[in-house]
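The values are calculated or read from the model by the stated rules, or taken from the named source; none is laboratory data. Keep in mind the model is a prediction, meaning the values are calculated, not measured. Every residue, glycine as well, gets a Cβ built from its backbone with ideal geometry; the counts of neighbours run over all protein chains shown.
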Amino acid sequence: MRFSQTFIKTLRDAPKDETARGAQYLNRAGYVHKEMAGVYDYLPLGLRVLEKIKKIIREELNAIGGQEVLMSTLQNPAPWQKTDRWDPEKIDVWFKTELSAGGELGLAPTHEEPFTNMMKNYISSYKDLPVYTYQIQTKFRNELRAKSGIMRTREFLMNDMYSFSADESSHDQFYHEVEKAYARIFDRLGIGEDTYQTFASGGVFSKYSHEFQTLTEVGEDTIYYNTDKTVFLNEEVLEDEILEEFNVKRNELASARGAEVGNIFTLKTKYSAPLELNYTNQDGERQPVIMGCYGIGISRVMGVIAEKCADEKGLVWPEAVAPYRFYLIGIGEKGQARAEELYKGHEKEILFDDRDLRPGEKFADAELLGIPYRIVISDKTLNNDAVELTSRSDSETKNLPFSELEQMFS
């Protein structure tokens with residue numbers, strides 16, 4: 001990408017109602033554009049970040065047997081009525097729309113019902129199990145209050161996965177595989193060090209569900225943990241009985257704010273029973289399928305990374321999700337010409353700031369945008385047949401010969 005050929009302009013000020021630092025930077029750096037409260041557009045750089053996140057998730061879910069599908073956003077009321085979740089008093093985040101010919105449809109806030117209903121066409125015998133399906137799709141939730149930029153929105157991109165198993169034992173086995181896959185995902189996304197598997201309420205399905213919480217001051221949840229960080233509990237389960245079970249005392253726990261970036265949940269037969277997703281076992285008996293659901297908020301994760309990986313100058317993207325690896329600047333006539341040569345052949349990895357601006361303005365934008373490495377080519381560096389390479393993560397600058405720079409390109 002050549003900066004001169006993109007419509008993006010960096011901004012001095014963020015929207016006045018953006019209070020989270022990461023949200024301010026995403027707007028100012030031109031990664032997103034705010035349409036209204038809780039609704040955002042993803043511009044070229046922001047879309048590249050989302051695609052990098054999706055690629056990592058796909059690789060890890062495919063590795064444990066996941067099969068990707070794409071479900072409809074518009075929802076038929078029938079299966080939701082069977083599970084008693086069409087009523088807005090039961091699910092208060094519905095967006096619904098009237099058909100011109102009469103009748104009502106919904107915009108999916110989640111997809112347990114349609115996945116379960118669809119699988120009735122493909123699961124009838126124990127030989128058809130297990131099945132692990134997932135999608136990456138836009139969800140809609142009529143949140144009372146959208147906040148923290150893309151971390152809590154009314155329209156968002158989500159990865160949701162659903163498992164269909166013959167019994168609880170095989171379900172539990174896959175559940176643990178997802179636990180490990182999620183840990184790998186968050187490690188690869190660059191937030192694994194501050195993301196913890198946290199015990200949360202399992203509702204009517206099981207004693208616990210597991211959330212993956214990233215510790216951040218702008219998080220919405222309060223998380224409690226012991227001194228060696230082996231037990232993490234959401235505030236909603238902080239009861240005497242639970243503390244005793246985990247052998248921890250309330251006065252020994254520290255607390256922090258957390259942003260939920262993932263959730264895994266045992267559903268048992270909550271949806272398969274009312275929707276009649278049954279299978280015939282080896283004894284010829286009809287039984288309901290055992291289910292689980294697993295979710296990662298992709299746009300939310302992007303917001304959390306932006307919040308966690310930032311400093312007083314701007315964003316600091318981990319290499320795995322950065323839109324480009326290098327931010328290239330040429331100074332002076334010779335430096336600009338040599339930068340042009342370097343750019344050709346490496347377009348996929350370089351954001352080339354070829355605008356007619358002063359070097360200081362380009363340096364400031366490089367820091368704001370958070371690209372992992374800044375390359376500067378000038379008359380001074382050319383005298384040594386080298387470039388000036390600066391790491392965005394630690395601000396370390398060194399002169400690097402062109403021969404060594406070439407080795408950095410994939």
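Mind listing just one residue for me: the one in the range 312-327 that is more than 16 Å from the chain's Cα centre (by Cα) and touching a residue at least 24 places away in the same chain (Cβ under 8 Å) and, of those, surrounded by the fewest Cβ atoms within 10 Å (Cβ to Cβ)?
It comes out as Lys313.
Residue pairs, Cβ under 6 Å, 6 or more apart or interchain, first in the range 132-155 and assigned by TED's automatic domain parsing to the domain that holds Ile298, second of a type in the set (Phe, Trp, Tyr) and in a strand (DSSP E or B). List them.
Thr133/Tyr162; Lys139/Phe156; Phe140/Phe95; Asn142/Phe95; Ile150/Tyr40; Glu155/Phe140
Show me the helices (runs of 4 or more DSSP H) entirely contained within the range 277-393 in which 3 or more residues are out of contact with any Phe, Trp or Tyr (no Cβ under 6 Å at 6 or more places or on another chain), over 20 Å from Leu405 (Cβ atoms) and not assigned by TED's automatic domain parsing to the domain that holds Glu220.
The helices (runs of 4 or more DSSP H) meeting that bar are 359-369.
Tell me the residue from Leu315, Leu275 that is closer than 30 Å to Lys82 by Cβ and touching a Lys or Arg at 6+ places or on another chain (Cβ under 9 Å), please.
Residue meeting the stated conditions: Leu275.
Can you tell me which residue is surrounded by the most Cβ atoms within 10 Å (Cβ to Cβ) among those in the range 214-228 that are under 20 Å from Glu252 (Cα atoms) and touching an Asp or Glu at 6+ places or on another chain (Cβ under 9 Å)?
The qualifying residue surrounded by the most Cβ atoms within 10 Å (Cβ to Cβ) is Ile223.
Across the range 16-29, what is the number of residues that are in contact with a helix residue (DSSP H, G or I) (Cβ under 6 Å, 6 or more places away or on another chain) and part of a loop (DSSP other than H, G, I, E, B)?
Looking only at that region, the number is 3.
Only residues in the range 67-84 that are over 14 Å from Leu99 (Cβ atoms) count as the first member; pair them with residues that are of a type in the set (Gly, Ala, Ser), Cβ under 6 angstrom, at least 6 apart or cross-chain, and list the lot.
Thr73/Ala108
Please pick out the residue among Arg257, Arg188 that is surrounded by fewer than 17 Cβ atoms within 10 Å (Cβ to Cβ), among the basic types (Lys, Arg) and either under 24 Å from the mean Cα position of the chain (by Cα) or under 30 Å from Asp283 (Cβ atoms) (or both).
Sole residue among the options that is surrounded by fewer than 17 Cβ atoms within 10 Å (Cβ to Cβ), among the basic types (Lys, Arg) and either under 24 Å from the mean Cα position of the chain (by Cα) or under 30 Å from Asp283 (Cβ atoms) (or both): Arg257.
Filter the range 355-410 down to the residues that are surrounded by fewer than 13 Cβ atoms within 10 Å (Cβ to Cβ) and touching a Gly at 6+ places or on another chain (Cβ under 6 Å) and list them by number.
The answer is Asp379, and nothing else.
So Met118 ticks every box in (1) of a type outside the set (Lys, Arg); (2) in contact with a His (Cβ under 6 Å, 6 or more places away or on another chain); (3) touching a residue at least 40 places away in the same chain (Cβ under 8 Å) but one. Which box is left unticked?
If we test Met118 against (1) of a type outside the set (Lys, Arg); (2) in contact with a His (Cβ under 6 Å, 6 or more places away or on another chain); (3) touching a residue at least 40 places away in the same chain (Cβ under 8 Å), just (2) comes out false.
Taking the range 43-62 on its own, how many of its residues are under 17 Å from Ile371 (Cβ atoms), in contact (Cβ under 8 Å) with a residue 60 or more places away in the chain and within 14 Å of the chain's Cα centre (by Cα)?
6
List the pairs whose first member sits in the range 180-203 and is basic (Lys, Arg), whose second member is buried (at least 16 other Cβ atoms within 10 Å of the Cβ), and whose Cβ atoms are under 8 Å apart, counting only residues at least 6 apart or on separate chains?
Listed pairs, sorted by first residue: Arg184/Glu60; Arg188/Ile56; Arg188/Glu60.
Of all residues in the range 359-385 being among the acidic types (Asp, Glu) and free of Cβ contacts under 8 Å to residues at least 60 places away in the same chain, which is nearest to Glu349 (Cα to Cα)?
The qualifying residue nearest to Glu349 (Cα to Cα) is Glu367.
Can you tell me which residues in the range 328-339 are in contact (Cβ under 8 Å) with a residue 12 or more places away in the chain and more than 30 Å from the chain's Cα centre (by Cα)?
Answer for the range 328-339, where residues must be in contact (Cβ under 8 Å) with a residue 12 or more places away in the chain and more than 30 Å from the chain's Cα centre (by Cα): Ile329, Gly330, Ile331, Gly332, Lys334, Gly335, Gln336, Arg338, Ala339.
Here is a list: Glu168, Glu113. Which entry is surrounded by fewer than 22 Cβ atoms within 10 Å (Cβ to Cβ) and either farther than 26 Å from Tyr31 by Cβ or in contact (Cβ under 8 Å) with a residue 12 or more places away in the chain (or both)?
Checking each option against the conditions leaves just Glu168.
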